[in-house]
Amino acid sequence: MSDLIDSLYRGLLQGDRRSAARLITMIENGDPLSIGVVKELHRHSGKAQIVGLTGLPGSGKSTLACGLAKKYREYGKTVGIIAVDPTSPFTGGALLGDRIRMQELAGDPGVFIRSMGSRGALGGLATATNDVINILDAFGMDVIIVETVGAGQVEVEIVKYAHTCVVVTMPGGGDEIQAIKAGILEIGDIFVVNKADKEGSSRTVADLEMMLEMKPGFDEAPWKQPVIQTVATNSQGIDELHEALDNHWRFLNETGKLEEKTSERMKAELIEVLNSKVSIAASKALSEDPKCREVLTRLIKREIDPHSAADQVAKYLIKGASQ
Amino acid sequence: MVGSKNNIRVLLAKVGLDGHDRGALIVGQALRDAGMEVIYTGLKQTCESVVEAAVEEDVDVLGISILSGAHMALIPIITQMLKDRGAEDIKVIAGGIIPRDDAQELVSKHGVRAVFGPGTDTKEIVEFIEKIVKGERI
């Protein structure tokens, strides 16, 4: 590692905020120097409890994150918050406004808040989110809250990284049919109906509970997803949410599900890295290796189909790697 | 992909007892449209919280908007705190209602890079930020 990276890395492990912040920037920017840190971090992370907060835009995710963080601080836990907001697909710019709802946490050395632009990633997170989780983990944060961009139906990337997914909705979000659609509602370990002082709150709770109970196997399921009503702006329901998160964490630990989730997460991470390495190797082979180029030529002449061509190239790649 | 790498990051801050942020928001939108990542603190922040936010977010530029008249009391505290934090590489610019003499003093004595008053073309601010950030990156 270079001297700069080395000193930032040492700073990170000693709890220096500036070092942590600068490493996050380098990783976000895909700085090649930061790869070494990503490798090292693997040894120092894996201790934190990771909580995902996802749900409709304007449903109160940031305010809930703030309330939860305050609750965790009361219990003496340190809290990292990663707040992702959308990057404009047109200009690449972003207005990251989640911090505005977290002013009460300002100045607390036991809290580290980082805003991220999604920078073209589509699953509700930013591409570097996982690495940033690892940084805050190595930085010593006990709990890491990851707040996704305002998500509607298919932004479910968070499920890969969080131990517990909290899906936040609010009254007036649509009828029971919305509640049984596929996607985001399938990933909730805990459901929150925020703004519960608004009209229609109990109806929304009833719709969600019906959706959950209609699921095949609900009666035997070892974890029954609670539906919690909150008014985040005055901390109503935060105790219940905190308790539900604790319960789920205990459930994961006691049933061995935590290991299962961790291995799934590692596998997803490995597949992601593999995908990019294999794709680079394949592109290289197709332009440099004579045998692979021959396959490509035959494909272009339509003597061979893409599936068979891919099989042949894969064979050459594996042979090449084992030599 | 558009803007997927090395976005300029800017923290826009409102400090002290000052409830007007229309100007800061207009600047924020202009910077966003120029491809920057803009983090907004919200109103009535303390100097400490602004400096901590600038460090955590690892911004290139800190923009302070003050319309309350307290600029000479607050801005020098912020630039000094950045120095004490070893973060004087974060470039400070200011905007709002700041008389010319004060603006000059902020620039000459307190490390502020520029002061943009009412009526400034947002393009001018965008270009200034691009210039000071790139100047150091290259």
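The values are calculated or read from the model by the stated rules, or taken from the named source; none is laboratory data. Please read these numbers as outputs of a predicted model, since none were measured by experiment. Please note: Cβ atoms are built from the backbone with ideal geometry, for glycine as well, and neighbour counts cover all protein chains shown.
Assorted remarks:
- Residue among B:A73, B:A53 that alone is among the small types (G, A, S) and either away from chain A (no Cβ under 14 Å) or closer than 16 Å to B:A24 by Cα (or both): B:A73
Matching residues to (1) over 23 Å from the mean Cα position of the chain (by Cα); (2) at pLDDT 90 or above:
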| position | (1), (2) |
| --- | --- |
| A:I184 | no, no |
| A:F191 | no, yes |
| A:M210 | yes, no |
| A:V227 | no, yes |
| A:V231 | yes, yes |
| A:G237 | yes, yes |
| A:E243 | no, yes |
| A:K261 | no, no |
| A:L270 | no, no |
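- Restricting the search to strands (runs of 3 or more DSSP E) fully inside the stretch A:57-162 and requiring at least 1 residues that are touching a residue at least 40 places away in the same chain (Cβ under 8 Å) gives A:79-85, A:111-117, A:143-147.
- Evaluation of B:A13 against (1) part of a helix (DSSP H, G or I); (2) at pLDDT 90 or above (one fails), failing number: (1)
- Filtering A:V143, A:V149 for residues that are under 24 Å from A:D246 (Cβ atoms) and among the aliphatic types (A, V, I, L, M) leaves a single hit, A:V143.
- Some residue of the stretch A:233-245 being in contact with a helix residue (DSSP H, G or I) (Cβ under 7 Å, 6 or more places away or on another chain), of a type in the set (A, V, I, L, M, F, W, C) and either farther than 30 Å from A:K71 by Cα or surrounded by fewer than 16 Cβ atoms within 10 Å (Cβ to Cβ) (or both): no
- For the stretch A:9-51, a tally of residues being assigned to a helix (DSSP H, G or I) and more than 14 Å from chain B (Cβ to nearest Cβ) returns 13.
The rows are residues; the columns are (1) assigned to a helix (DSSP H, G or I); (2) surrounded by fewer than 18 Cβ atoms within 10 Å (Cβ to Cβ).
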position	(1), (2)
B:S65	no, no
B:Q80	yes, yes
B:I93	no, no
B:I98	no, no
B:I129	yes, no
B:K134	yes, yes
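- From the options B:I90, B:I39, residue that is under 25 Å from A:I135 (Cβ atoms), touching a strand residue (DSSP E or B) at 6+ places or on another chain (Cβ under 6 Å) and within 8 Å of chain A (Cβ to nearest Cβ): B:I39
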